[in-house]
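The values are calculated or read from the model by the stated rules, or taken from the named source; none is laboratory data. Remember, it's a predicted structure, so these values are computed and weren't measured experimentally. Backbone-built Cβ (ideal geometry, glycine too); neighbour counts: all protein chains shown. Surface areas here come from the heavy atoms of the whole protein model, side chains and all, with no ligands, DNA or RNA. Shrake-Rupley method; radii C 1.70, N 1.55, O 1.52, S 1.80 Å.
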Amino acid sequence: LVLARSADFDFVVDDAVDFVTFNASLTLYEQLSQNSLLWGPYRSGYYLGIKPRIPLSLTSGLLWFNADDHNGLQNIRHEYDQHHNMRKANWVQYDPRFGGRQEIVDKDCHINIIIDFVKSENGLNWALKVKAVPHKGYEHVTTSFVWYTGLEGEAMTDQGLSVSGFLKLDNEFNEYGYKDTLEFSGFSKELGLFEMKINDGGKDTKNKHPKPISSLPKNLDPSLTHHLSLRVPDGNVWRGKDIFLTLLEDSINDLMKTMGDKLNEVPPYAGLMMRDMHHYEGNLHLVQKTYQGAAEFDITYNLVDADDSQKITFENLKSQIEVTSQKFKKKFDECFHLASKPKKEQKLAKELLSGLLGGLSYSQGDQLVDRETSLDDEDLPVNINGDVHLPKLTGKSEGPHELFSLVPSRPFFPRGFYWDEGFHLLPLLKYDSDLVLEILKSWFELIDNKGWIAREQILGAEARSRVPAEFVVQSDSIVNPPTLLLAFNNLLEMAKQAETSKKNVYSENQKAINLDTDIAIEDLSSVVMSHPHLLANYTKEIYPRLKLHYDSFRASQQGEFDDFNRGPNKEVYRWRGRSTTHSLASGLDDYPRILPIDIAELNVDLLCWIGVMTRSMKNIAEILELPLDVARYDKIETDITESIESMHWSEEHKTYCDVSVDDDDEKVFGCYKGYISLFPFLTRFIPLDQVDKLGHIVDLLSDPEELASDYGIRSISKSSEFYRTGENYWRSPIWININYLVLDSLTYYHHSLKDEDAGELKEKIADVYSTLRKQLITNVKRQWMTTGFVWEQYDDITGEPKGAKNFLGWSSLILLAIEMPEKLM
Ligand code: 6A9
């Protein structure tokens, strides 16, 4: 490959003033890939929050509220909140490289909102169309919208002067409000010169604004657009809603003064209007528009010297939206082959992928970490009931770090979680493998010099504002299942296959891409696949860090092998940081574990995860042709396979279990039948010749008195004393990530077992598979149709949704289940 240096791609990204030179060492492909992922609704915890992947830059957001009475403010919309009365709020078509559509059905504001977001071909310009339609019976509903946009990182001088950036309104100042399009211009080091415009809908838009009332002061005209600007320090633009509410309070106080006892003549929508009493231009701008009935307005952002073909204008926006929608449909159909599936399932599938991608987030800031408090079981505090609690952690600020990741749930946990991410990436592997690599890279950057990655990434004040204080601090003793290495390994496997078959694995008729000539944004998702050496280079570069991560992961969770006369096989592990009731590290939080807590405890799920990690490392070392490392991983893998059988299989319970020792130092099993019993099966560690053991696992999966429910595999057996007890989080509900792994393993064993060894078992596996796949899809679809959302978990008795809503993290794996065959052949 000839590396295209900055000079060679001037023609493509001509207009990206400094952003390009800033990244001058990148190849053409990398630059385009970066640019096409530069902008997005990356503040995914809001209904709409746009920013680029730059630490301090141009941050924007949207607010709205019902302005028919003063209480409307109580339902002001900004953060996407689990408890808002929404019938729906999700991206229904969305690709981060070119844009898409979000649909919101707001039952308190009595409107539907459609938000279209589009990007130019080169990814450097973007636009939004916001369209609201009132609900039946609310045709005259009054809605107020506020768009805020603020430029950070301007590098201020001591005198408060900006030396390298600005953002200003170009319209002639009008203290009463504006009729025309508002036009802003700005500059920043990374973005260059740009312009942003906000209109009041296109030519044929029929917006109605409340009429001005002649008896009121002129600055209370609700038919006009109101603008206010002020200066806020870096790192504060995200507080747009609070800032607006404070400004509104000023306006209301002022109104009370000027109106005195005539205050009751002011209709609520005129009172709830922010008015510019400062006449000041700062780095943050707020624009308020109030409508009666339907509403529509557009926002465009363009680099000033962008090529005309790349500019998004009010005139071409409609057709750009249409093109974007077509592109999405085309790419989706190329990547997922669902033509033979029921129409409703196809619709759900599109929404699952779009919602997952709508969670793509860029976050940045410091992380609070406790590296001092010991979570070693022996040091943990015990209360009078003998219960072990984790000590309170004290965080020290580390970083700043940045993370480009997906999120489990925009309304509830809009931030990165280590083990969730490996699951998120599975559906994406088929859709945009380049993006998968981009996300993995971002996570691997976070491996610290001890090899540790925090389980939950809560970066900066904006992210912390969504987390109760007791959950903020991360402990460096706590790890999380290493799914990211699995995803990385899958990516490498895909590339290997693509190379051997000399064709693109996900799209048979995809044209070969010449990196030295044009690359269309739609093709970017396959560059890694068609040019495996790019991936190989990265793999070589990152390998030492992955090894550090792997070694520290194993060392930090090493089990006590002396108690069990292990001989030379030392492959036993124990999750650190558990309390009497919880093991957050395991990801299965309240799943029952052996009591009393003892340092001799060994966890079978952890052993399997380390097995998965080892297998991935072995594969990577093979690709990198490191025979000594391959041999080492191979030995560990063999030991793990042996250890799973010799340490964790309970002949009495006919399943895999955690173990510990009793008062006489004798080995005891803790067999709480449920997801943990399945781990060797889920991770394909049960050898193919263990047909009896496989049979027992399949029995567990198919018995309605154990794990089989009408809606999927339940987390704990119905026969367990812990079934539906306590928080009942991982103690009966159905979780989609584990159910997906069940489907995947059933497929694997069905394909791998030989008829002559396991004919009957294979038939049974095929039955369990078909039933389970159908149950999962049917129930997730039904609940989505009834509630408008996909959820974190589902009740095993009623199938009803539980936990976080719009949980398009690993619940989006239903997309892959839809694509799977109905029957195993
Ligand atoms: C609580 C509450 C507004 C719990 O999906 C993320 C994780 C999983 O990794 C884990 O396996 N969830 C599962 O057991 C959600 C964790 C949320 C913790 C933060 C804050 C929000 O308050």
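With all protein chains present, how much of the accessible area of segment 232-385 (probe radius 1.4 Å) comes from carbon and sulfur, to the nearest whole percent? Before the final figure, lay out the partial values.
Numbers: 3440 of 6800 Å².
Within segment 232-385, the accessible surface is 51 percent carbon and sulfur.
Work out the FRET efficiency for His278 and Ala766 from their Cβ-Cβ distance, taking R0 = 60 Å, and round it to the nearest 0.05.
For His278 and Ala766, the calculated efficiency is 0.25.
Kindly identify segment 50-169 as rounded, prolate or oblate by the Cα gyration tensor criterion: order the square roots of the eigenvalues as a ≥ b ≥ c, call it rounded if a/c is under 1.5, otherwise compare a/b with b/c, prolate if a/b is larger, else oblate.
oblate
Once ligands and nucleic acids are excluded and a 1.4 Å probe is used, how much of Asp379 is accessible, expressed in Å² to the nearest 10?
100 Å²
Suppose we take every Cα in the chain and form the convex hull; what volume per residue is that in Å³?
It comes to 180 Å³ per residue, whole-number rounded.
What is the Cα centroid distance between segment 750-825 and segment 419-494, reported in whole angstrom?
Answer, in whole Å: 25.
With every protein chain left in place and a probe of 1.4 Å, what is the accessible surface of Glu154, to the nearest 10 Å²?
We get 10 Å² for Glu154.
For the chain, return all DSSP H helices satisfying: extent of Cα atoms along own axis at least 15 Å; mean Kyte-Doolittle hydropathy at least 0.0.
Span-like helices in the chain: 240-259, 433-444, 483-501, 604-623, 691-702, 736-752.
With +1 on each Lys and Arg Cβ and -1 on each Asp and Glu Cβ, how big is the dipole of segment 718-786 about its Cα centre, in debye rounded to the nearest 20? Numbers along the way, then the final one.
Values: 10 positive and 9 negative charges, 101 e Å.
Roughly 480 debye for segment 718-786.
Looking only at Cβ-Cβ distances, which cysteines of the chain have no other cysteine closer than 4.7 Å?
Those would be Cys109, Cys335, Cys608, since no other cysteine Cβ in the chain comes under 4.7 Å of theirs.
Restricting the calculation to Cα positions, tell me the Rg (one decimal) and the Dmax (whole number) of segment 548-633 in Å.
Over segment 548-633's Cα set, Rg and Dmax evaluate to 14.7, 46 Å.
On average, how much accessible surface per residue is there in the chain, in Å², for a 1.4 Å probe, leaving out ligands, DNA and RNA?
Details: 32030 Å² over 825 residues.
Dividing the accessible area of the chain by its residue count gives 39 Å².
Starting from the Cα gyration tensor of segment 281-329, multiply each eigenvalue by 5, take the square root, and state the resulting semi-axes largest first in whole Å.
24, 20, 9
Quick check on segment 319-473: take the gyration tensor over C-alpha atoms, sort the square-rooted eigenvalues as a ≥ b ≥ c, and tell me if it's rounded (a/c under 1.5), prolate or oblate. Spell out each step's value before the answer.
On the way: a/c = 2.67, a/b = 2.15, b/c = 1.24.
Since a/c reaches 1.5 and a/b is larger than b/c, the shape of segment 319-473 is classed as prolate.
Mind checking which lysines have their C-alpha under 28 Å from Lys667, skipping anything on the same chain fewer than 8 residues away?
Candidates past the 8-residue exclusion: Lys570, Lys635, Lys654, Lys693, Lys718.
Select from segment 228-314 those chymotrypsin sites (Phe, Trp or Tyr not before Pro) which occupy a DSSP coil region and have at most 11 other Cβ atoms within 10 Å, ordered by residue number.
Tyr280
Which order do you get for Glu445, Glu281 if you rank them by accessible area with a 1.4 Å probe, largest at the top? Don't skip to the end; give the middle numbers.
Working: Glu445 120, Glu281 90 Å².
From most accessible down to least: Glu445, Glu281.
Would you kindly find the accessible area of Glu345, with a 1.4 Å probe and non-protein molecules such as ligands, DNA and RNA excluded, rounding to the nearest 10 Å²?
The accessible area comes out at roughly 20 Å².
Roughly to the nearest percent, how much of the accessible area of segment 707-760 is carbon and sulfur, given a 1.4 Å probe?
40 percent
Answer with one residue from Tyr633, Leu707, Ser643: the one whose Cα lies farthest towards the positive end of the charge dipole of segment 628-712, charges on Cβ with Lys, Arg +1 and Asp, Glu -1.
Working it through, the farthest residue towards the positive pole turns out to be Tyr633.
Determine, for each peptide in 565-572, 705-712, 779-786, the mean count of other beta carbons within 10 angstrom over its residues, then list the peptides with the highest first.
705-712, 779-786, 565-572
Does segment 226-371 come out rounded, prolate or oblate by the C-alpha gyration tensor, with a ≥ b ≥ c the root eigenvalues, rounded set by a/c under 1.5 and, if not, prolate when a/b is larger than b/c and oblate if not?
prolate
Considering only protein heavy atoms and a 1.4 Å probe, what is the carbon-and-sulfur percentage of the accessible area of segment 52-130?
Exposed carbon and sulfur together represent 42 percent of the surface.
Between segment 265-336 and segment 670-709, what's the alpha-carbon centroid distance in Å?
53 Å
Charges only on Cβ, +1 for Lys and Arg, -1 for Asp and Glu: so what's the dipole of the chain about the Cα centre, in debye to the nearest 20? Before the final figure, lay out each step's value.
Working: 89 positive and 127 negative charges, 528 e Å.
So the magnitude is around 2540 debye.
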